[in-house]
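The values are calculated or read from the model by the stated rules, or taken from the named source; none is laboratory data. As the structure is a prediction and not an experimental result, all values here were calculated from the model. Here the Cβ is made from the backbone with ideal geometry for all residues, glycine too, and neighbour counts use every protein chain on show. Note: accessible area is taken over every heavy atom of the protein model, side chains too, but ligands, DNA and RNA are not part of it. Shrake-Rupley method; radii C 1.70, N 1.55, O 1.52, S 1.80 Å.
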Amino acid sequence: MHIRGDGGQTAADCPKTKDRPMNHFLDIHTTPADDLRGMIDAARKIKEARAGRPKGTLDDDLPLDGRIVALIFEKPSTRTRVSFDVGARQMGGQTMVLSGTDMQLGHGETIGDTARVLSRYVDLIMIRTFDEATLIELADNATVPVINGLTNRTHPCQIMADILTFEEHRGPIAGKKVVWSGDGNNVCASFLHAAGQFGFDLTFTGPETLDPEPLFVQGARAKGVEIKIERDPFRAVDGADLVVTDTWLSMHDSQSAQERRHNQLRPYQVNEHLMKAAGPDALFMHCLPAHRGEEATSAVMDGPQSVIFDEAENRLHAQKAIMRWCLQG
Ligand code: CP
Ligand code: NVA
């Protein structure tokens, strides 16, 4: 049994999902590949359709007209919070941002009861939470679609934005080589899921104790893509089309692990030397927030290969396509 990170869930602990009659967006590997492709293509059109318009104006098409979206946060957020809120409003919807600690959910009410109650008031629920089991229980009990806005285990909305970003800069991602350098965390997990669904290869480079979950590695390999584990970061980035990293300590990780993590991950910092080894055509991505000078240097983050702020913007467009898909189900 593989235990990730500091008290993270095991693959065996992963709750089973029920067959559901509606379009919940819970993870990339559990969403049909054709639907994912449709969402990326729709996101691109949604973005193009409102290019240059003031941000507070409505889209031409208003699939959320008359709809209310609840955005629940049990962890901090800047991008997810603002991009879902703005996206829903631009599509004609209304939103409410709820903090987990302020809700009865944070004071003993069950997730199942919370799901049933919220479903009587709102049309769509997005949740950022800790354990994946909370997300699954919410979806199993809600009668409206539920979106995963990050758990300790995955972050699918981020990777939809990353695919959109890559394809804007480099064309179809199928057949390309993505290199993940650092902690095999929740964002890395969703990249592995995307490799299988969108047909690109992925090399993970990082210390063995921070490898991604074997279940996710095997799942991607079973879909016919090449997933490599390479301990030497310089060998890993050879021929990369995209180099990605993330913070060395995630929100759910214990701060007491900080020094050990930093020592383990320092060789995997994305700096100018590593990007030089990757070659001039490789893009650089980071989901943000970043710790500049730790997992990536400012020279890379602000350099010509970086597309980090396009990624951040594309959260908005990708999530509009995700919300639209959820409500079509
Ligand atoms: N990338 C991302 O999810 O950012 P936030 O934590 O700010 O939402
Ligand atoms: N891996 C990070 C991603 C933040 C968007 C975390 O979970 O804290």
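Kindly indicate the residue of the stretch 235-266 that is among the charged types (D, E, K, R) and closer than 21 Å to L288 by Cβ and also nearest to ligand 1 (Cβ to nearest atom) among those meeting that condition.
Here is the first cut: in the stretch 235-266, the residues among the charged types (D, E, K, R) are 235, 238, 241, 246, 253, 259-261, 266.
Right, trim to closer than 21 Å to L288 by Cβ and you get 241, 246, 253, 261, 266.
On the way: D241: 21, D246: 9, D253: 14, R261: 18, R266: 23 Å.
Looking at the filtered set, the residue picked out is D246.
Quickly run through the stretch 112-138 and pick out the residues that are under 24 Å from S250 (Cα atoms) and of a type in the set (A, V, I, L, M).
Passing the criteria: I125, M126, I127, A133, L135, I136, L138.
Among the residues of the stretch 200-214, is there at least one that is open to solvent by 30 Å² or more (accessible area, probe 1.4 Å), out of contact with any strand residue (DSSP E or B) (no Cβ under 6 Å at 6 or more places or on another chain) and assigned to a loop (DSSP other than H, G, I, E, B)?
no
The rows are residues; the columns are (1) touching a helix residue (DSSP H, G or I) at 6+ places or on another chain (Cβ under 9 Å); (2) among the β-branched types (V, I, T); (3) in a strand (DSSP E or B).
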{"residue": "R221", "(1), (2), (3)": "yes, no, no"}
{"residue": "G224", "(1), (2), (3)": "yes, no, no"}
{"residue": "F234", "(1), (2), (3)": "yes, no, no"}
{"residue": "V243", "(1), (2), (3)": "yes, yes, yes"}
{"residue": "R266", "(1), (2), (3)": "no, no, no"}
{"residue": "H273", "(1), (2), (3)": "yes, no, no"}
{"residue": "A277", "(1), (2), (3)": "yes, no, no"}
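For the stretch 312-324, check the following and say yes or no: at least one residue is assigned to a loop (DSSP other than H, G, I, E, B) and either open to solvent by less than 10 Å² (accessible area, probe 1.4 Å) or among the polar types (S, T, N, Q) (or both).
No, there is no match, as no residue in the stretch 312-324 is assigned to a loop (DSSP other than H, G, I, E, B) and either open to solvent by less than 10 Å² (accessible area, probe 1.4 Å) or among the polar types (S, T, N, Q) (or both).
Return the residues of the stretch 119-131 that are away from ligand 1 (no atom under 16 Å from the Cβ) and open to solvent by less than 40 Å² (accessible area, probe 1.4 Å); say none if nothing qualifies.
Within the stretch 119-131, S119, V122, L124, I125 qualify.
Quickly run through the stretch 126-144 and pick out the residues that are farther than 18 Å from S83 by Cα and not acidic (D, E).
The answer is F130, A133, T134, L135, I136, L138, A139, N141, A142, T143, V144.
Filter the stretch 76-97 for residues that are farther than 13 Å from V122 by Cβ and β-branched (V, I, T); which is farthest from ligand 2 (Cβ to nearest atom)?
V86
Could we say that A278 is within 22 Å of the chain's Cα centre (by Cα) and open to solvent by less than 50 Å² (accessible area, probe 1.4 Å) here? Write out each step before concluding.
On the way: within 22 Å of the chain's Cα centre (by Cα): no; open to solvent by less than 50 Å² (accessible area, probe 1.4 Å): yes.
Against the criterion (within 22 Å of the chain's Cα centre (by Cα) and open to solvent by less than 50 Å² (accessible area, probe 1.4 Å)), A278 does not qualify.
Quick test for you: out of D34, D27, pick the one residue that is within 16 Å of ligand 1 (Cβ to nearest atom) and closer than 21 Å to C326 by Cα.
When all the criteria are applied, what remains is D27.
Taking the stretch 76-118 as the search range and keeping residues that are polar (S, T, N, Q) and more than 23 Å from I136 (Cβ to Cβ), which one is most open to solvent (accessible area, probe 1.4 Å)?
Q94
Within the stretch 36-55, does at least one residue satisfy the condition of being over 30 Å from G199 (Cβ atoms) and touching a residue at least 12 places away in the same chain (Cβ under 8 Å)?
As a first pass, look at the stretch 36-55 and keep what is over 30 Å from G199 (Cβ atoms): 52-55.
Filter again for touching a residue at least 12 places away in the same chain (Cβ under 8 Å), leaving 55.
Yes, the stretch 36-55 has at least one match.
Select from the stretch 282-311 the residues that are assigned to a helix (DSSP H, G or I) and touching a residue at least 60 places away in the same chain (Cβ under 8 Å) and write down the one among them that is farthest from the chain's Cα centre (by Cα).
Checking each candidate, the answer is D310.
If I ask for residues that are open to solvent by 10 Å² or more (accessible area, probe 1.4 Å) and either over 13 Å from D183 (Cβ atoms) or free of Cβ contacts under 8 Å to residues at least 12 places away in the same chain (or both), which ones from the stretch 241-257 would you list?
D241, S254, Q255, S256
With away from ligand 2 (no atom under 13 Å from the Cβ) and either within 16 Å of K276 (Cβ to Cβ) or open to solvent by less than 50 Å² (accessible area, probe 1.4 Å) (or both) as the only criterion, which of R235, R260 stands out?
Numbers: R260 fails: either within 16 Å of K276 (Cβ to Cβ) or open to solvent by less than 50 Å² (accessible area, probe 1.4 Å) (or both).
Just one listed residue meets the conditions, R235.
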